[in-house]
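Chemist: Quick one: this structure, given as structure tokens, is what I'll be asking you about.
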Amino acid sequence: MRERSDAELVTRARSGHAESFGELVRRYQQPAFSIALSVIGRHQNAEDAVQESFMVALQRLEDCRNPDRFAGWFLTIVRNRSRNLIRRESLRSGDQIPASASNAGPSPEKAASLAELREGLQEALNKLSEVQREIVLLHDLEGWKHSEIAERLGMPSGTVRSHLHFARKALRVELSGWRDHLAPS
Amino acid sequence: MKNERRVALLRVLDPAHENPGYWERFRAEIMERAAFELARRRELARESVELVLSGWSRSLIPVALAAAVIAAILVSSEAVRDPGAGVPLVLEDVLATDISDEVLETAITGEAHASPVAFMAFVEGNRP
């Protein structure tokens, strides 16, 4: 069956079509999480920001004047909500796996090790600028192409490549001591 | 560090890395929170359709009624103004009625003879 375009899904979601909104969530929850994590730097808060952003987007779907560009519009909401979240609350100390979504999570020992690894990665990512973090996560974690990132973040493709190049270079230095931690089980 | 290794390391940041089904549950939570707003939008969309239809009927029915009334008035007034409209005059009928010989002679020999219309007008005008 033909995959519906973002514009079609937005139009149907405006009329309350739950499956269409659900498909938009499925498409953009992970990229949104990457954006939120780039801004906030903590899993729990990033999850909150993404959920909040989907609620805001649903309430303001009429403001998305060009439904074909839903991705860019929505990711801007995510970025703004994430920044608001930082301003609004003082971040809790220590990272936490989201309780509600992590029922089938690893054992406490593995979770601790994973949290440590994530903390190290996050520290490395924090050395990058916000836009570099967004681009490297969207590219390396979500698998978006340069052109997709450029279109959805609203910047020239050359700028995306440049940011990605410098982000990788910086991460190469920062993560050089992490070879033994690759793909923890 | 090669790209593949960096990508593998970054995957640790994905909550689903050690937690299969994380994103399905995450999506389900969002859909649960969105249920009220989606229901509100469905209701709004339903009301909008009804509003459009009732809007049409509100304007369409009076206009149709007015048109029907106007048409009825026009037809009836036309009938009153010219009750014989549409009934052709037949020359034989005119001649068969009670016309005096003088009138008939004058009609046949005079100017009225020039055309059937003039003839009939003359005869009708001189009917006793």
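Chemist: For the range A:5-29, enumerate the residues that are charged (D, E, K, R), within 21 Å of residue B:36 (Cβ to Cβ) and touching a residue at least 24 places away in the same chain (Cβ under 8 Å).
Modeler: Scanning the range A:5-29 gives a single hit, A:14.
Chemist: Right, another one. Given (1) within 10 Å of chain B (Cβ to nearest Cβ); (2) surrounded by fewer than 22 Cβ atoms within 10 Å (Cβ to Cβ), identify the lone condition not met by residue A:34.
Modeler: Here residue A:34 meets the rest and fails (2).
Chemist: Report, by residue number, each residue of the range A:153-167 that is without any contact (Cβ under 8 Å) to a residue 40 or more places away in the chain, outside any loop (DSSP other than H, G, I, E, B) and either crowded, with 18+ Cβ neighbours inside 10 Å or not charged (D, E, K, R) (or both). Talk me through it step by step, then tell me what you get.
Modeler: Going residue by residue through the range A:153-167, those that are without any contact (Cβ under 8 Å) to a residue 40 or more places away in the chain are A:155-167.
Filter again for outside any loop (DSSP other than H, G, I, E, B), leaving A:157-167.
Listed by number, the residues that qualify are A:157, A:158, A:159, A:160, A:162, A:163, A:164, A:165, A:166, A:167.
Chemist: Right, another one. Look through A:102, A:90 and report the one residue that is at pLDDT below 85 and surrounded by fewer than 15 Cβ atoms within 10 Å (Cβ to Cβ).
Modeler: Answer to the check: A:90.
Chemist: Right, next: Looking at this structure, is residue B:44 away from every other protein chain (no Cβ under 14 Å), modelled with pLDDT of 85 or more and under 42 Å from the mean Cα position of the chain (by Cα)? Working first, answer last.
Modeler: Values: away from every other protein chain (no Cβ under 14 Å): no; modelled with pLDDT of 85 or more: yes; under 42 Å from the mean Cα position of the chain (by Cα): yes.
Criteria not met by residue B:44.
Chemist: So, one more: Of (1) at pLDDT 90 or above; (2) in a helix (DSSP H, G or I), residue A:120 satisfies all except one. Which?
Modeler: (1)
Chemist: Testing residue A:2 on (1) over 15 Å from residue B:33 (Cα atoms); (2) in contact with a Ser or Thr (Cβ under 9 Å, 6 or more places away or on another chain), one condition comes back false. Which one is that?
Modeler: Of everything listed in (1) over 15 Å from residue B:33 (Cα atoms); (2) in contact with a Ser or Thr (Cβ under 9 Å, 6 or more places away or on another chain), residue A:2 misses just condition (2).
Chemist: Across the range B:25-41, what is the number of residues that are out of contact with any Lys or Arg (no Cβ under 7 Å at 6 or more places or on another chain), closer than 15 Å to residue A:59 by Cα and facing another protein chain (nearest Cβ under 8 Å)? Don't jump to the end; show me each part of the working.
Modeler: In the first step, residues of the range B:25-41 are kept if they are out of contact with any Lys or Arg (no Cβ under 7 Å at 6 or more places or on another chain); the result is B:25-26, B:28-40.
Now narrow it down to the ones that are closer than 15 Å to residue A:59 by Cα: B:30-40.
Subset that is facing another protein chain (nearest Cβ under 8 Å): B:30-31, B:33-35, B:37-40.
Residues that pass the stated criteria total 9.
Chemist: Then there is this: So, in the range B:10-24, how many residues would count as being aliphatic (A, V, I, L, M) and more than 7 Å from every other protein chain (Cβ to nearest Cβ)? Step through it out loud before you land on a result.
Modeler: Taking the range B:10-24 as the starting set, the residues that turn out to be aliphatic (A, V, I, L, M) are B:10, B:12-13, B:16.
Next, from what is left, pick out any that are more than 7 Å from every other protein chain (Cβ to nearest Cβ): B:16.
Residues flagged as aliphatic (A, V, I, L, M) and more than 7 Å from every other protein chain (Cβ to nearest Cβ) within the range B:10-24 amount to 1.
Chemist: Going through A:52, A:19 one at a time, which residue ends up being at the interface with another protein chain (Cβ under 10 Å from one of its Cβ atoms), surrounded by fewer than 20 Cβ atoms within 10 Å (Cβ to Cβ) and either over 18 Å from the mean Cα position of the chain (by Cα) or not in a helix (DSSP H, G or I) (or both)?
Modeler: Working: A:52 fails: either over 18 Å from the mean Cα position of the chain (by Cα) or not in a helix (DSSP H, G or I) (or both).
Exactly one residue qualifies, and that residue is A:19.
Chemist: Still on this model: Taking into account only those residues within the range A:136-152 that are more than 12 Å from every other protein chain (Cβ to nearest Cβ) and either under 17 Å from residue A:170 (Cβ atoms) or free of Cβ contacts under 8 Å to residues at least 24 places away in the same chain (or both), which is surrounded by the fewest Cβ atoms within 10 Å (Cβ to Cβ)? Don't jump to the end; show me each part of the working.
Modeler: Within the range A:136-152, the first condition is being more than 12 Å from every other protein chain (Cβ to nearest Cβ), and the residues that meet it are A:144-152.
So of that shortlist, the ones also either under 17 Å from residue A:170 (Cβ atoms) or free of Cβ contacts under 8 Å to residues at least 24 places away in the same chain (or both) come out as A:145-150.
Working: A:145: 12, A:146: 15, A:147: 10, A:148: 17, A:149: 23, A:150: 18.
In this case the residue turns out to be A:147.
Chemist: Going residue by residue through the range A:65-80, is there one that turns out to be at the interface with chain B (Cβ under 10 Å from one of its Cβ atoms), modelled with pLDDT of 95 or more and surrounded by 22 or more Cβ atoms within 10 Å (Cβ to Cβ)? Spell out the reasoning first.
Modeler: So the first thing to find is which residues in the range A:65-80 are at the interface with chain B (Cβ under 10 Å from one of its Cβ atoms), and the list is none.
Checked against the condition, which is being at the interface with chain B (Cβ under 10 Å from one of its Cβ atoms), modelled with pLDDT of 95 or more and surrounded by 22 or more Cβ atoms within 10 Å (Cβ to Cβ), the range A:65-80 yields no hits at all.
Chemist: Being at pLDDT 80 or above and surrounded by fewer than 17 Cβ atoms within 10 Å (Cβ to Cβ) is the filter; apply it to the range A:171-185 and report the residue that is farthest from the other protein chains (Cβ to nearest Cβ).
Modeler: A:173
The values are calculated or read from the model by the stated rules, or taken from the named source; none is laboratory data. For clarity, every value in this text was computed on a predicted model and none was experimentally measured. When we count neighbours, we look across all protein chains shown, and the Cβ atoms used for this are built from the backbone with ideal geometry, even at glycine.
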